[in-house]
1. State which residue pairs qualify: first residue over 19 Å from Y232 (Cα atoms) and inside the range 50-78, second residue buried (at least 17 other Cβ atoms within 10 Å of the Cβ) and hydrophobic (A, V, I, L, M, F, W, C) in any location, beta carbons under 6 Å apart, and separation of 6 or more residues or different chains.
2. Please verify whether R73 is part of a loop (DSSP other than H, G, I, E, B) and either outside the structural domain of M201 (by TED's automatic domain parsing) or modelled with pLDDT under 85 (or both), treating the condition exactly as stated.
3. May I ask you to list the residues in the range 66-81 that are in contact with a helix residue (DSSP H, G or I) (Cβ under 7 Å, 6 or more places away or on another chain) and either over 18 Å from H189 (Cβ atoms) or aliphatic (A, V, I, L, M) (or both)?
4. Check the range 210-227 and report whether any residue there is outside any helix (DSSP H, G or I), modelled with pLDDT of 80 or more and surrounded by fewer than 16 Cβ atoms within 10 Å (Cβ to Cβ).
5. Quick one: which of K182, K236 is within 27 Å of Y66 (Cα to Cα) and in contact (Cβ under 8 Å) with a residue 24 or more places away in the chain?
6. Being crowded, with 17+ Cβ neighbours inside 10 Å and among the aromatic types (F, W, Y) is the filter here, so list the residues in the range 158-185 that pass it.
Amino acid sequence: MNCKNCNEILENDAHFCDNCGAKVIKNRITFKFLMIELFAVFGIDSLYLTTLRKMFTAPQDVMNEYLQGVRRRYINPFAYLAVGAALSLIIFNYFSDDYLKMQSTVNQTQVTELKELAEKDLTTIKNISEIELNKLKAKQQIAKKQLAFMENWVVLFLRYFNIMTFLLLPFYALLSKLTYTKPHNFGEHIVSNAYIQGTSMYISIIAFFLGMIIHPNIFLSSFFIIIIYYLYVFNKLYKHSFGKSILKLLRFIGVLILLVLILTITFLIIGVILGYFFPQLFK
């Protein structure tokens, strides 16, 4: 038997070529083979599974050891997050109709009112002045733009889910840094949050499938489950007592409300700017 790469003569039981070092391939290419090769390229075969398992059982070990310089025992935090985000992106886009339906249940009363106003036939309204009719028309146009913005935002988020995940990573790191000020710096909080968010993807995926099978509220409640997991990880990391954990929870909620408010205002400003320069997005 000869090496297929350099034509060197090989032993029958050889796994690698002594001349060029190439791996000896004897079997045909299968889907399983491709998946193994893909995982091997990113170095996420055993490392990834070990990291994933320990992020549920002993997350403090993963983050403490990685931050202290143990880099070969666990997968790189950003590769770990990228795999989770890619898997979520594939699943959420494949079941995009179900995802959009679940998201529409948020503020369902408000959405229903906006739809009723947007679809209302104003020509059927009698005994109304022209001024009041114009005001109603203006409200109807605003309702249509609000609905279009909400729908387009969810679609945009779905389409660029992986990019959004990495863009929001500094936000999560800032949240944890303001909640747990010492001893880690902002960069170390980014690493910790990459591991946490990469694991949280699986919580969202499981909740998403349960939401499709049982009830959409299960998927929507995964937000609170992720917060609980988030606090569980940091309590493990910092070894807090029950009393201190409660105080950190209250601080976490306060910081979260403040940052969400800032983020919401920022998104609204971005939405207004996009609506002004790119009105086709909201048609």
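1. Y74/V62; I75/I44; I75/L47; F78/A194
2. Answer is yes for this residue.
3. Of everything in the range 66-81, those that are in contact with a helix residue (DSSP H, G or I) (Cβ under 7 Å, 6 or more places away or on another chain) and either over 18 Å from H189 (Cβ atoms) or aliphatic (A, V, I, L, M) (or both) turn out to be L67, R73, I75, L81.
4. Among the residues of the range 210-227, at least one is outside any helix (DSSP H, G or I), modelled with pLDDT of 80 or more and surrounded by fewer than 16 Cβ atoms within 10 Å (Cβ to Cβ), which makes the answer yes.
5. K236
6. Within the range 158-185, F161, Y172, Y180 qualify.
For every residue, the table says whether it meets (1) at pLDDT 75 or above; (2) closer than 20 Å to T165 by Cα; (3) in a loop (DSSP other than H, G, I, E, B); (4) among the hydroxyl-bearing types (S, T, Y).
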residue	(1), (2), (3), (4)
N12	no, no, yes, no
G21	no, no, yes, no
R28	no, no, yes, no
L47	yes, no, no, no
T50	yes, no, no, yes
A79	yes, yes, no, no
V83	yes, yes, no, no
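The values are calculated or read from the model by the stated rules, or taken from the named source; none is laboratory data. Because the structure is a prediction, the values reported are computed rather than measured. Positions of Cβ are generated from backbone atoms using ideal geometry, with glycine treated the same way; all protein chains shown enter the neighbour counts.
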